[in-house]
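The values are calculated or read from the model by the stated rules, or taken from the named source; none is laboratory data. All of these numbers come straight from a predicted model, not from anything done at the bench. A quick note on method: Cβ atoms are made from the backbone with ideal geometry, for glycine too, and the neighbour counts reach across all protein chains shown.
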Amino acid sequence: MAVCDTCGNDYDKAFTITQGDRTGTFDSFECAAHAMAPTCAHCGCRILGHGVEAGETVYCCAHCAQHSGAEGLTDRV
């Protein structure tokens, strides 16, 4: 069995996710999201969808990006 990197649970159905040079072992998608998903630079929520980017900065939505001073981003067209 493998131990979840987030919660420490020793679980026979654990899985591994690799993102670039980062790798983690998790017992659930919830634990994987807590460890691997980026956070919005404005509100701090975990970005589980596409999000938006302004330069090197990632936001959960255009609204948060605009509040941080980014221009020209939209959530839908």
Only one of (1) touching a Phe, Trp or Tyr at 6+ places or on another chain (Cβ under 8 Å); (2) farther than 19 Å from R22 by Cα fails for C60. Which number is that? (1)
Tell me, which strands (runs of 3 or more DSSP E) lie completely within the chain with 2 or more residues that are surrounded by fewer than 14 Cβ atoms within 10 Å (Cβ to Cβ)? 15-19, 22-26
Exactly one of these conditions fails for C31: (1) at pLDDT below 95; (2) out of contact with any helix residue (DSSP H, G or I) (no Cβ under 7 Å at 6 or more places or on another chain). Give me its number. (1)
